[in-house]
1. Can you find a residue in the range 146-153 that is buried (at least 17 other Cβ atoms within 10 Å of the Cβ) and of a type outside the set (Phe, Trp, Tyr)?
2. Based on this model, can you work out whether PHE219 counts as part of a helix (DSSP H, G or I) and surrounded by fewer than 13 Cβ atoms within 10 Å (Cβ to Cβ)?
3. Can you confirm whether ALA136 is buried (at least 17 other Cβ atoms within 10 Å of the Cβ) and either closer than 29 Å to PRO272 by Cα or basic (Lys, Arg) (or both)?
4. List every residue pair whose Cβ atoms sit under 7 Å apart, with the two residues 6 or more apart in sequence or on different chains, where the first one lies in the range 134-158 and is closer than 17 Å to LYS240 by Cα and touching a residue at least 24 places away in the same chain (Cβ under 8 Å) and the second, anywhere, is outside any helix (DSSP H, G or I) and small (Gly, Ala, Ser).
5. In the range 35-88, what count of residues is obtained for those that are more than 28 Å from the chain's Cα centre (by Cα), surrounded by fewer than 12 Cβ atoms within 10 Å (Cβ to Cβ), at pLDDT 85 or above and not hydrophobic (A, V, I, L, M, F, W, C)?
6. Which condition does LEU103 not pass, out of (1) more than 21 Å from SER236 (Cβ to Cβ); (2) in a loop (DSSP other than H, G, I, E, B); (3) touching a Leu at 6+ places or on another chain (Cβ under 7 Å), if it passes all the others?
7. Quick check on my filter: what residues within the range 17-65 are outside any helix (DSSP H, G or I) and hydroxyl-bearing (Ser, Thr, Tyr)?
8. If you go through the range 143-163 one residue at a time, do you hit one that is of a type in the set (Lys, Arg) and more than 20 Å from the chain's Cα centre (by Cα)?
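The values are calculated or read from the model by the stated rules, or taken from the named source; none is laboratory data. Keep in mind it's a predicted model, so treat the numbers as computed, not measured. Heads up, the Cβs are rebuilt from the backbone with ideal geometry, glycines too, and the neighbour counts pull from every protein chain shown.
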Amino acid sequence: MAQAAIDPRAEPRTGAVAASGRWGRLGVHALLLLGAAAMLYPLLWLASSSIKPANLIFSDPSLWPRELDLSNYRRGWEGVAIPFGRFFLNSFVVAGGAVVGNLVACSMAAYAFARIDFKFKRLWFALMLGTIMLPAHATLIPQYILFLNFGWVNSFLPLIVPKFLATDSFFIFLMVQFIRAIPKELDEAAAIDGCGPFAVFWRIILPLMTPALVTTAIFTFIWTYEDFLLPLVYLSDMTKYTVPQGLRLFLASTGESAWGPLMAMSLVSLVPVFVIFFVFQRLLIEGISTTGLKG
């Protein structure tokens, strides 16, 4: 068999394509590095400012401080009128209660929508999804009046109790999608063994929902921990302030603001969020990536 003629232009063309591919990948990586630097710069600036003297925080834009002032952390932890650790404790209580409430109520509501047939099921599910588009500010005043009549204002109850009533529709929808990916044959096998709806939920569905539950817990904790509006509305006693309100105390409307301690405590307040994210990162990604599947 005669050998095929070799085009002398083929090899240079292949080399040019490979070279252009390498340059294209280098360009993509360079853009990604620039994007990462742009996102990390505020955090690096915050860390740098937390160890600078107050007079250099805004006058010295460099990330490497010329002078160090580690007393910002000591003065920040001592707080303005109350030790800052009190604000951390309050935030953990509120965020922990919200996490438990969402895990219990949203998982049960999601199981009902995904597995149980009841009257007007599709209508109630549509109404539930519609509340996602309802701005929280639209219901803020009616809720405040309601909690004021209950005598719950200036307590943690308005921040925790609604979570036990499955008010976060986003997490219900997330769990519904996850449950729909679980084969119904497992429910039928459990029913044959004598399990009722609650036993099926507790013994079959709930253990398989771990990624979705972890995702709900992480987002609930972060959103509640970082929330400034609702604690500002319902809490008036300084001893019950959460971390965002505690940070606000360092800013004086009249007089000099404590910028150094504010930067230091702002950086410290990010530690719980980073720790939770990195510890549960695998389950978080798994929970988000599998909620779009439907069995």
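1. Within the range 146-153 (the criterion being buried (at least 17 other Cβ atoms within 10 Å of the Cβ) and of a type outside the set (Phe, Trp, Tyr)), the answer is no, since none of the residues qualifies.
2. no
3. No: the conditions fail for ALA136.
4. As it stands, the answer is ASN154/SER236, since those pairs meet every condition given.
5. 1
6. Only one criterion is unmet by LEU103, namely (2).
7. Answer for the range 17-65, where residues must be outside any helix (DSSP H, G or I) and hydroxyl-bearing (Ser, Thr, Tyr): SER50, SER59, SER62.
8. no
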